[in-house]
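Comments concern the structure below.
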């Protein structure tokens, strides 16, 4: 027993830290989801590995997300190495990340640069020009800070921002923007084994290290693609039209659920709301759908939609806290959903076996009068006929029922 305690106290912690180097592959635009993933991996790798490699292939991205990543690189307790693979590029936001890493390495067939900030403001007035000038001045001052940190030549860096200059790997090495140029990824380990990095008053050597690839979780990949401007616009349109269509159709169904879902993702993609807030909103909507299911017979549609909302929302919101919580909530949600669907199915069977004669005399509200009259009675939508002149919102009473069509009179 004592030997086991000695092992756990003195020996086991060494198994948590590895002499290897982690590698994450970023091949999409820089956005809040990617920034969050890189920040988490830097923190996680500082415990498990002696360094982190960011394999970069990006056309650019959001400047705020780029700054968040660079700040995390600066504060990282372990060296962060940036590598641009064969045929890849570190353009725009990727250029800033590349020059900010402790070591920057490019494949001979890769490019970097073209870092001019792009404004999405279509206003051509003086106010837009003033804002554009502010952004450009702020970016240049930030670039001077990055250049001073690694003692990089300022002129080619400013050219990449002001003139949108782009450089091949050999040009970047000649201008002393990057540290190394290699022919293929197999040389990456050899380069690392011959260098040492001094960070936070500690020297890191990478001789005989093994590179271990770390995969991005599927839900983060999914969220990262949502930041595609074209997809965001499509989701926004689908969300708005889904909700509008729901208002013009009786009951609560697929258009409304899909509309809320699309609109939420589009707001996240437009960075109007943070990812975690979007997840929390989906969880709340999912819970509300479960509550509505109790009062409205949707034959399980609301329960299925609520389950989907809670599961996806849990991945988005609880990911920053603890992955085990996300998994637990997901499992519990699935179990509850299955039980709820079984209960709903049983209630439907019971309802079919019951007589519909007890609906006579009950009151309801007219929901649609365009081609066919629909009324809501006790949370259920019924096709109706009447000799009275009715409009949407009128209260009616059931006179009789025949072939599942109710005859009503205006109250």
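No value in this document is a laboratory result; all are computed from the given coordinates. For clarity, every value in this text was computed on a predicted model and none was experimentally measured. Cβ placement follows ideal geometry from the backbone for every residue including glycine, while neighbour counts extend to all protein chains displayed.
Remark: spin-label model distance residue 201-residue 71 equals 2.5 nm, labels positioned 7 Å along the Cα→Cβ axis.
In the stretch 102-253, the DSSP beta bridges split such that about 70 percent are antiparallel, to the nearest 5. Here r is the Cβ-Cβ distance between residue 383 and residue 287 and R0 is 35 Å; the resulting FRET efficiency, rounded to 0.05, is 0.65. Extension gain, residue 19 to residue 215: 0.36 nm times the residue separation minus the Cα-Cα distance gives 68.6 nm. Globularity index of the stretch 187-272 is 1.97 (Cα radius of gyration / 2.2 N^0.38 Å, N = number of residues).
Label sites at residue 163 and residue 64, each approximated as a point 7 angstrom past Cα along Cα to Cβ, lie 3.3 nm apart. Extension gain for residue 136 to residue 277 (0.36 nm times residue separation, less C-alpha to C-alpha distance): 47.7 nm.
Subtract the Cα-Cα distance of residue 402 and residue 231 from 0.36 nm times their separation in residues, and report this length gain in nm to one decimal.
Contour length minus Cα-Cα distance gives 56.7 nm.
Can you give the FRET efficiency to the nearest 0.05 for residue 27 and residue 372, using r as the Cβ-Cβ distance and R₀ = 60 Å? The computed FRET efficiency comes out at 0.70.
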